[in-house]
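Enquirer: Handing you this structure, nothing more for now.
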Amino acid sequence: MTERRSLTMNRPIVLSIVATVAMALASPWLGSVQAQANPPASKRQPPPLSLIQKLRAFLGLNPPVAVGGSRSGDGAQICLVSPWPGATVGVSRPVLQAVGPLNELRIERAGVIVWRQRASSTQPIEDPVAWPIEPLKPGEAFTLRVRPRGAAGGDFAAFQFKVARADVLAANQRQIAALGSDPAAWDRALGQLSPRQGVLAAALLSSPDAPADLRGGLGCGDQTTSPPP
């Protein structure tokens with residue numbers, strides 16, 4: 001009688017051990033399934049060429065700008081892809097992204113430097129830079145100065161921007177939140193825009209949630225240029 005009672009009392013312990021072993025055996029398989037369902041960003045397929053061409057047609061020309069603000073000359077040149085030059089800034093925290101390595105980025109208001117980032121002698125600025133200061137306000141104006149790698153210390157390309165109205169910022173943010181972080185959802189949404197929605201395309205692409213390869217694929221030059229491989 002005592003032995004049967006002991007076996008009954010130990011049954012929960014035995015079942016717990018069995019469950020633990022089963023979970024341990026299943027963990028590698030579950031991990032493999034989750035990895036297949038959520039592949040890392042580095043394994044994302046390149047955005048469709050047709051989408052890149054469509055976005056270029058909507059956004060218009062993006063010629064390289066020579067340092068010093070001139071569009072001509074034999075000196076260093078740079079292209080900005082976020083925020084998109086010439087377009088109203090449609091998000092309060094736009095990503096800062098140029099084509100090619102940089103030595104320096106500056107944000108200015110009324111000629112006053114409010115933020116700057118400088119590269120080191122061995123490491124240029126190459127990745128997109130998250131908006132580094134307080135969110136932009138509706139109607140605000142600012143200047144982004146970009147110094148490409150190899151340019152002299154005082155040589156910058158200057159890009160002037162103005163921020164959209166409050167209702168536009170709010171509408172864009174709602175759409176960005178709805179898209180989430182799924183690159184395929186972004187590809188579909190941008191592919192459905194009409195030619196009259198170039199300003200919206202520029203706003204969405206400057207969001208930190210937009211796939212960086214979409215911005216990078218726009219490249220430099222006009223819309224007939226093929227994206228990088």
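FYI, it's all coordinate maths here, none of it is from the lab. Keep in mind that what you see is a predicted model, and the values were worked out from it rather than measured. Glycine gets a Cβ as well: all are built from the backbone with ideal geometry, and neighbour counts include every protein chain shown.
Enquirer: For Ala185 and Arg109, calculate 0.36 nm times their separation in residues minus their Cα-Cα distance, and state this gained length in nm to one decimal.
Expert: Numbers: separation 76, 0.36 × 76 = 27.36 nm, distance 3.52 nm.
So the extension gain works out to 23.8 nm.
Enquirer: I want to check the label-to-label distance for Ala171 and Arg149. Put each point 7 Å from Cα in the C-beta direction and report it in nm to one decimal.
Expert: Simple spin-label model gives 4.1 nm for this pair.
Enquirer: Separate question: Kindly write out, for the range 100-106 in residue order, the coupling ³J(HN,Hα) from the Karplus curve 6.51 cos²θ - 1.76 cosθ + 1.60 (θ = phi - 60°), rounded to whole Hz, with x marking Gly and Pro.
Expert: Karplus-based 3J(HN,Hα) across the range 100-106 equals x, x, 10, 9, 7, 10, 9 Hz.
Enquirer: Right, here's the next one. Does a label point 7 Å from the Cα of Leu61, set along Cα-to-beta-carbon, have any residues of the range 122-165 with amide nitrogen under 18 Å, and which are they?
Expert: Flagged as within label range: 158-160.
Enquirer: Further question: Would you mind getting me the FRET efficiency between Glu140 and Gln197? Use the beta-carbon distance for r and R0 = 25 Å, nearest 0.05. Present the calculation step by step, with values, prior to reporting the outcome.
Expert: On the way: r = 23 Å, r/R0 = 0.92.
For R0 = 25 Å, the calculated efficiency reads 0.65.
Enquirer: Ok, one more. Relative contact order for the range 129-188: what percent, with Cα pairs under 8 Å and sequence separation of 6 or more?
Expert: Details: 43 pairs, mean separation 18.3, N = 60.
For the range 129-188, the relative contact order is 31 percent.
Enquirer: Only counting other Cβ atoms within 10 Å, I'd like Arg215, Arg109 sorted with the fewest neighbours first.
Expert: On the way: Arg215 21, Arg109 13.
Listed from fewest to most nearby Cβ atoms, that is Arg109, Arg215.
Enquirer: Sort Glu104, Glu140 so the one with the fewest other Cβ atoms within 10 Å of its own Cβ comes first. Write down the numbers at each step before the final one.
Expert: On the way: Glu104 19, Glu140 14.
Listed from fewest to most nearby Cβ atoms, that is Glu140, Glu104.
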